[in-house]
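Visitor: Dropping the structure in here first, questions after.
The values are calculated or read from the model by the stated rules, or taken from the named source; none is laboratory data. The structure presented is a predicted model; accordingly, all values stated were derived computationally and were not measured. No Cβ is skipped: glycine too gets one built from the backbone with ideal geometry, and neighbour counts run over all protein chains shown.
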Amino acid sequence: MNGEFDHLNEDEFNELKRTFFSQSHEILEEIQDSALRLEMKPEDDGEIKLLQRSFHTLKGDSNSMALSGISTICHRVEDVLTDLQNKTRKADPRTISMILKSVDIIDRLLREAEETGSEGEIEEAVSMIEKFAGTEDSDDKREAGQNGYTEYQVLEFESAEKYGMKLFEAEAVFDPMCKEKSVGAFMINEKIRSLGQIIRVTPDDNSEEIEKVDRFKVLFSTEEELEGLGDRIGVVGITSEVIISIFTPPKAAEVTVSKVAGQKSELLRIEASRVDNIMDLTGELIIGRSILEQITRDIDAGNFMSDLNERLSELNTYFGKSISGLQRGIMKMRMVRINAIFRKFPRIVRELSASKGKQIKLEFYGQDTELDKGIVDSLGEPLIHIIRNAIDHGIESVDRRRELGKPGTGTLTLNAYHEAAKIVIEISDDGQGIDGEKLKRLAREKGYISEEDCERMSDKEAFDLMFMAGLSSADSVSEISGRGIGMDAVRIAVENMKGTIDIESEKNVGTTFRLRLPLTLAVLKGLLVEVSGRRYAVPIPAVIEVGRIMVDELDSVEGREVLRLRDQTISVVRLDELFELGRSDSKKKFMLILGIGSKRACVLVDDLIGQQELVIKPVDRDYTQTDLLSGASVLGDGSVVFILDAPAIFRKAIAMEKGKIRR
């Protein structure tokens with residue numbers, strides 16, 4: 001234990017360490033935000049002073065916790081910030097990159113200290129800062145260092161591993177007769193792009209340096225095998241040799257980039273007023289318990305109470321009001337501003353746009369919108385996927401945008417707002433949009449839809465095709481992905497949060513992804529239904545319409561049951577058959593029209609019991625053996641009711657439409 005804290009016992013010291021690490025990570029986030037703002041306004045003395053205060057605070061706190069390495073790095077960065085304040089150095093992109101890389105290294109050291117109790121080596125960071133301070137005019141392109149990787153590149157490493165892609169590095173040796181090396185490098189890179197995704201080019205094929213070298217390297221991911229890859233990349237008259245080697249990505253500890261976007265904090269800052277509210281409600285429950293104890297004593301004493309029913313009824317109402325207030329209060333305590341996620345993206349957009357040679361402006365709206373911390377912790381990855389696709393394939397290059405009469409700088413907008421009991425998150429770009437006809441043609445060629453489906457499908461329905469697994473491959477249109485990172489992963493992540501996602505797009509105008517998510521994953525309002533004598537709960541937000549129907553009113557199309565409702569033909573799902581409960585003999589059913597985005601499905605049940613607020617409990621997949629349930633809940637009578645997973649029912653309905661499964 002540090003001598004400064006010898007007066008603390010072990011539990012108190014551990015609590016102090018938890019507070020230190022939590023506050024230190026928050027300071028790093030504030031530094032990152034401030035550095036990115038300074039890049040936009042290099043002459044802002046206020047941001048420079050804020051950075052100085054933040055690094056000074058982190059230096060002092062680290063010293064007090066015997067983390068001298070972190071303190072040393074902070075001190076070195078403070079020297080650079082003093083130069084900025086004295087106007088002997090400019091807050092140019094290279095300076096900002098140095099600050100951001102320092103943040104990455106400190107973040108790694110903090111996490112190592114948190115996990116192992118000691119910090120790692122700091123020589124790399126100190127050397128990087130001192131080299132920067134002594135070579136102000138160095139090439140900007142070296143900001144990542146020989147062994148460092150940008151945020152974009154690390155995301156590509158992770159995606160390649162997740163989706164089974166291979167990583168290779170191609171070293172192309174220029175033919176001595178090649179006079180226009182930049183043109184030759186462009187041709188080689190185009191060949192590589194047809195095989196996979198380029199991650200890094202050294203030196204940059206757009207730089208003047210490319211004309212001075214006799215070879216250059218390209219790091220890329222692909223589904224192709226190593227054998228014969230070099231022959232497919234080489235260009236006669238441009239290259240004399242192409243050497244392909246397998247690339248092994250660095251271990252997590254070696255990668256000095258920000259991992260903040262994917263981290264989940266174990267601590268939650270709560271306003272004092274919200275805690276006070278919980279204390280007041282707890283006091284109300286204690287009063288209710290005292291009343292109940294008095295009634296119990298009166299009964300035990302044999303006192304006849306003519307008003308017993310009335311007193312119990314009043315007590316039940318009192319408890320109900322207090323517990324509802326307590327539930328709302330606890331839910332509010334778990335609410336955090338979505339800015340906790342939004343603030344991570346300027347850094348990522350900066351890295352991605354730079355790697356793609358694009359100019360992109362990021363705008364935020366609704367940063368103060370609140371939602372459950374559990375959803376915030378799960379929201380980062382799907383949003384990053386959408387942002388990456390927008391930058392990589394949605395927003396055009398500067399030259400192309402100007403050809404279309406657009407500003408050279410593209411705009412990426414994140415917006416959050418409440419809509420009824422949901423939170424809506426919109427990710428919009430002003431890029432080239434999605435070509436629905438291309439999507440339909442690709443889906444037809446891959447066998448996902450028939451020619452008939454293709455002809456009757458609207459563009460709105462076609463956009464949903466991009467969420468099909470395997471459609472967004474290297475052979476697909478660039479508006480989708482082309483990197484092996486399917487948008488189906490985004491859809492699955494959103495559905496796991498009990499949310500929905502839909503798309504609006506217009507060619508050469510832009511695209512908007514709209515996520516609708518519940519405010520909390522702990523409680524939902526469900527419609528209790530009965531099927532073959534068993535009760536199930538259907539999430540109320542998924543129910544569009546409820547009605548009665550006679551079984552003989554259903555139609556049949558190609559052997560499957562459908563419902564003709566106004567101008568729509570809707571697939572019918574019988575829960576009794578899906579759960580193998582045996583078909584009910586009842587000719588009169590209740591129909592539940594479920595809706596997710598633009599899709600509709602009709603679920604038939606025997607009876608409606610009513611609405612109820614349900615506390616969601618997880619289900620053990622080893623015992624349920626079905627993917628149609630999202631959880632379970634305990635009712636007032638002690639019985640267990642399973643909660644249906646609306647998106648899973650839709651997937652089952654679509655599979656039945658395509659004849660992939662039998663009823």
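Visitor: Could you tell me whether residue 594 is of a type outside the set (Ser, Thr, Tyr), more than 11 Å from residue 551 (Cα to Cα), part of a strand (DSSP E or B) and in contact with a strand residue (DSSP E or B) (Cβ under 8 Å, 6 or more places away or on another chain)?
Guide: Numbers: of a type outside the set (Ser, Thr, Tyr): yes; more than 11 Å from residue 551 (Cα to Cα): yes; part of a strand (DSSP E or B): yes; in contact with a strand residue (DSSP E or B) (Cβ under 8 Å, 6 or more places away or on another chain): yes.
In short, yes.
Visitor: Hey, another quick one. Can you name every residue in region 289-319 that is under 21 Å from residue 636 (Cβ atoms) and of a type in the set (Lys, Arg)?
Guide: 289, 311
Visitor: Condition test on residue 13, is it at pLDDT 85 or above, more than 30 Å from residue 89 (Cα to Cα) and in the same structural domain as residue 86 (by TED's automatic domain parsing)?
Guide: Working: at pLDDT 85 or above: no; more than 30 Å from residue 89 (Cα to Cα): yes; in the same structural domain as residue 86 (by TED's automatic domain parsing): yes.
Spelling it out, it is not the case that residue 13 is at pLDDT 85 or above, more than 30 Å from residue 89 (Cα to Cα) and in the same structural domain as residue 86 (by TED's automatic domain parsing).
Visitor: Is there a residue being at pLDDT 85 or above, in contact with a helix residue (DSSP H, G or I) (Cβ under 7 Å, 6 or more places away or on another chain), crowded, with 16+ Cβ neighbours inside 10 Å and charged (D, E, K, R) anywhere in region 45-54?
Guide: yes
Visitor: If you don't mind, there's one more thing I want to ask. Tell me the residue from 37, 89 that is outside the structural domain of residue 364 (by TED's automatic domain parsing), modelled with pLDDT under 85 and not acidic (Asp, Glu), please. Don't jump to the end; show me each part of the working.
Guide: Details: 37 fails: modelled with pLDDT under 85.
Only one candidate passes the filter, namely 89.
Rundown of residues vs (1) of a type outside the set (Asp, Glu); (2) touching a Gly at 6+ places or on another chain (Cβ under 6 Å); (3) over 13 Å from residue 526 (Cα atoms); (4) modelled with pLDDT of 75 or more, yes/no style:
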{"position": "575", "(1), (2), (3), (4)": "yes, no, yes, yes"}
{"position": "584", "(1), (2), (3), (4)": "yes, no, yes, no"}
{"position": "588", "(1), (2), (3), (4)": "yes, no, yes, yes"}
{"position": "606", "(1), (2), (3), (4)": "no, no, yes, yes"}
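Visitor: Restricting attention to region 117-139, does a residue exist that is within 17 Å of residue 21 (Cβ to Cβ) and modelled with pLDDT of 85 or more?
Guide: Step one: list which residues in region 117-139 are within 17 Å of residue 21 (Cβ to Cβ), which gives 117-120.
This time we only want the ones that are modelled with pLDDT of 85 or more, so: none.
The answer is no, given that none of the residues of region 117-139 is within 17 Å of residue 21 (Cβ to Cβ) and modelled with pLDDT of 85 or more.
Visitor: Do we have residue 38 as in contact with a Cys (Cβ under 7 Å, 6 or more places away or on another chain) and among the hydrophobic types (A, V, I, L, M, F, W, C) here?
Guide: On the way: in contact with a Cys (Cβ under 7 Å, 6 or more places away or on another chain): no; among the hydrophobic types (A, V, I, L, M, F, W, C): yes.
No; evaluated as a whole, the condition is false for this residue.
Visitor: Looking at (1) under 32 Å from the mean Cα position of the chain (by Cα); (2) part of a helix (DSSP H, G or I), find the lone condition where residue 577 falls short.
Guide: (1)
Visitor: Next question, about the same structure. Would you mind listing the helices (runs of 4 or more DSSP H) fully within region 403-513 where at least 2 residues are at pLDDT 75 or above and within 22 Å of residue 645 (Cα to Cα)?
Guide: Details: elements: 436-445, 451-456, 459-463, 488-496.
Passing ranges, in order: 488-496.
Visitor: Considering each of 561, 530 in turn, give the residue that is surrounded by fewer than 17 Cβ atoms within 10 Å (Cβ to Cβ), out of contact with any helix residue (DSSP H, G or I) (no Cβ under 6 Å at 6 or more places or on another chain) and outside the structural domain of residue 425 (by TED's automatic domain parsing). Spell out the reasoning first.
Guide: On the way: 561 fails: surrounded by fewer than 17 Cβ atoms within 10 Å (Cβ to Cβ).
Just a single option satisfies the conditions, and that option is 530.
Visitor: Would you confirm whether any residue within region 517-531 is modelled with pLDDT of 85 or more, polar (S, T, N, Q), over 29 Å from residue 562 (Cβ atoms) and assigned to a loop (DSSP other than H, G, I, E, B)?
Guide: No, region 517-531 contains no residue that is modelled with pLDDT of 85 or more, polar (S, T, N, Q), over 29 Å from residue 562 (Cβ atoms) and assigned to a loop (DSSP other than H, G, I, E, B).
Visitor: For region 172-190, does any single residue satisfy the condition of being assigned to a loop (DSSP other than H, G, I, E, B) and within 22 Å of residue 247 (Cβ to Cβ)? Even if it seems obvious, please write down each step before you answer.
Guide: Here is the first cut: in region 172-190, the residues assigned to a loop (DSSP other than H, G, I, E, B) are 175-180.
After this cut, where a residue has to be within 22 Å of residue 247 (Cβ to Cβ) as well, the list is none.
No.
Visitor: What is the one condition in (1) touching a residue at least 24 places away in the same chain (Cβ under 8 Å); (2) assigned to a strand (DSSP E or B) that residue 569 does not satisfy?
Guide: Condition (1) is where residue 569 drops out.
Visitor: Return yes when residue 549 is within 30 Å of residue 334 (Cβ to Cβ), outside the structural domain of residue 450 (by TED's automatic domain parsing), modelled with pLDDT of 85 or more and in contact with a strand residue (DSSP E or B) (Cβ under 6 Å, 6 or more places away or on another chain) and no when it is not.
Guide: Numbers: within 30 Å of residue 334 (Cβ to Cβ): no; outside the structural domain of residue 450 (by TED's automatic domain parsing): yes; modelled with pLDDT of 85 or more: yes; in contact with a strand residue (DSSP E or B) (Cβ under 6 Å, 6 or more places away or on another chain): yes.
Considered against the rule, which asks whether it is within 30 Å of residue 334 (Cβ to Cβ), outside the structural domain of residue 450 (by TED's automatic domain parsing), modelled with pLDDT of 85 or more and in contact with a strand residue (DSSP E or B) (Cβ under 6 Å, 6 or more places away or on another chain), residue 549 comes out as no.
Visitor: Of everything in region 77-113, what is in contact with a Ser or Thr (Cβ under 8 Å, 6 or more places away or on another chain), among the basic types (Lys, Arg) and within 19 Å of residue 48 (Cα to Cα)? Give them in sequence order.
Guide: Within region 77-113, 89, 94, 101 qualify.
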